Amino acid sequence: MHTVTVRYIGGQIRGKPAQEEFTLPMGATVQDLVDRIRFGDGGESAGQEGALTDGLLESAVFLIDGEACYDRQARLPPRARVTVLVLTHMIGG
């Protein structure tokens, strides 16, 4: 297991902190992280109003340790710092 630090930039993401940490298994992919962001740990963030919706996550750009990553199957390096650029202007026209 390792900790991934995620920070969110752009859009209005009610109910999300500017930065949070997730514990993921070694070998976890970007998609694993997306799923964790989307569904949380099954706790308070799951399904919370204002949480990142599927549309926002699908249009988001992910920077892994400062490098753009478009491959959702790419493995996250240990202790990765992930920036999620939320592009809300692309949702709903």
### Query
Are any residues in the stretch 41-83 surrounded by fewer than 16 Cβ atoms within 10 Å (Cβ to Cβ), among the small types (Gly, Ala, Ser) and at pLDDT 90 or above, and if so, which ones?
66, 68, 74
### Task
Scan the stretch 1-16 for residues that are surrounded by 14 or more Cβ atoms within 10 Å (Cβ to Cβ), modelled with pLDDT of 65 or more and part of a loop (DSSP other than H, G, I, E, B) and report the count.
2
### Message
Looking for something modelled with pLDDT of 90 or more, buried (at least 18 other Cβ atoms within 10 Å of the Cβ), part of a strand (DSSP E or B) and touching a Cys at 6+ places or on another chain (Cβ under 7 Å) - is there at least one such residue anywhere in the stretch 28-38?
### Response
no
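The values are calculated or read from the model by the stated rules, or taken from the named source; none is laboratory data. A quick note: this is a predicted structure, and the numbers were derived from the prediction, not measured. For neighbour counting, all protein chains shown are included, and Cβ atoms are generated from backbone atoms with ideal geometry for every residue, glycine included.
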